[in-house]
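Presented below is the structure to which this report refers.
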Amino acid sequence: MSTVPDGKKLVRSPSGLRMVPENGAFNSPFSLDEPQWVPDKECPSCMQCDKKYDFLTRKHHCRRCGRCFCDKCCSKKVALPRMCFVDPVRQCGECSLVSQKEMEFYDKQLKVLMGGGSFIVTLGTSKTSETMMCRLSNNHRYLFFDGESHFEVELSRISSMQVLMEESTPEENDIHTYTSLLDSQYISEGGNSRASGMLLHYKPTGSQDPQQLRMEAADDKKTASSWLAAMHKAAKLLYEARDR
């Protein structure tokens, strides 16, 4: 194990090298723990094709699900940033497809979220609003809001998220709710609808009283819509990580 200056450390696990935060409390909310490997004695044959293991047919564990496969069924090495692996790691066919789809989020949407978007922000039932830049923190744990004032929202304390479409209001039927950031498919890239805002319900740090935050796209609506679409993908990963 070696330490690097940016608060992360290089760890060697049975699955490969991982670059993880020095303090586990600062793990990304999108991250997944390494699975427990199925013990060799419980795996006499491939869990995909049922081929028996012998001197020539070796067994391999998928680094994402921990199940045991023959070389043919677990030959792909795919990047797995959700487990902080430095290099691509061996995965079964099913898991490799999931990991490949997630790479779009890490290559594109995550950068959009950290780049930020401009929104008109209203807290609670206040009648005053402020134009603020909203962006995801570098450790992926907070939404930062910067304008004349500054505050932050911890993703783990968000209880629900409502995304508003163009021309919609909270009373209309075209609001799509993620209770506890549940999965939904209402946003599709290149579709006719464009996200124009978002309602968050969360508990501020140190408080158990729920707070509402409303965000509406400011002048650069295209960038704001892209940011909201990226937040939609982030919500799916957050829910999956919480459900593990």
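Remarks
- In segment 66-78, the residues that are surrounded by fewer than 18 Cβ atoms within 10 Å (Cβ to Cβ) and in contact with a strand residue (DSSP E or B) (Cβ under 9 Å, 6 or more places away or on another chain): D71, S75, K76, K77
- Where T131 falls short, out of the listed (1) of a type in the set (S, T, N, Q); (2) open to solvent by 20 Å² or more (accessible area, probe 1.4 Å); (3) modelled with pLDDT under 95: (3)
- Pairs are defined by a Cβ separation below 9 Å, a sequence spacing of at least 6 or placement on different chains, a first member in segment 21-42 that is more than 28 Å from K233 (Cβ to Cβ), and a second member that is of a type in the set (F, W, Y); the pairs so defined are D40/Y53.
- Within segment 97-118, the presence of at least one residue that is modelled with pLDDT under 90 and either closer than 30 Å to C49 by Cβ or among the basic types (K, R) (or both) is confirmed.
One line per residue, one yes/no per condition, for (1) part of a helix (DSSP H, G or I); (2) within 23 Å of P29 (Cβ to Cβ):
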| site | (1), (2) |
| --- | --- |
| Q48 | no, no |
| F55 | no, no |
| H60 | no, no |
| R63 | no, yes |
| F69 | no, no |
| K77 | no, no |
| R90 | no, no |
| E94 | yes, no |
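- Residue in segment 25-32 that is within 26 Å of E102 (Cα to Cα), open to solvent by less than 80 Å² (accessible area, probe 1.4 Å) and not in a loop (DSSP other than H, G, I, E, B) present: yes
- Some residue of segment 134-154 being open to solvent by 70 Å² or more (accessible area, probe 1.4 Å) and within 20 Å of P210 (Cα to Cα): yes
- Residue match in segment 99-109 (condition: within 30 Å of P21 (Cα to Cα), part of a helix (DSSP H, G or I), of a type in the set (S, T, N, Q) and open to solvent by less than 20 Å² (accessible area, probe 1.4 Å)): yes
Matching residues to (1) hydrophobic (A, V, I, L, M, F, W, C); (2) crowded, with 16+ Cβ neighbours inside 10 Å; (3) within 30 Å of R157 (Cβ to Cβ):
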| residue | (1), (2), (3) |
| --- | --- |
| R12 | no, no, no |
| N23 | no, no, yes |
| E42 | no, no, no |
| D54 | no, no, no |
| V89 | yes, yes, no |
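- Set side by side, the residues S168, S149, S137, S193 differ, and just one is among the hydroxyl-bearing types (S, T, Y), at pLDDT 90 or above and over 19 Å from the mean Cα position of the chain (by Cα), which is S149.
- Remark: pairs (first residue in segment 97-118, farther than 15 Å from R64 by Cβ; second residue in a helix (DSSP H, G or I) and open to solvent by 20 Å² or more (accessible area, probe 1.4 Å); Cβ separation under 6 Å; 6+ apart in sequence or on different chains) = F105/K233; Q109/K233; V112/S226; G117/T223.
- Of the residues screened, S160 is one that is of a type in the set (S, T, N, Q) and touching a Ser or Thr at 6+ places or on another chain (Cβ under 6 Å).
The values are calculated or read from the model by the stated rules, or taken from the named source; none is laboratory data. Predicted model, so just to flag it, every value in this text is computed and none were measured. Using ideal geometry, Cβ is built from the backbone for each residue, glycine included, and neighbour counts are taken over all protein chains shown. Remember, those area values only see protein heavy atoms, side chains included, never the ligands or the DNA or RNA. Shrake-Rupley method; radii C 1.70, N 1.55, O 1.52, S 1.80 Å.
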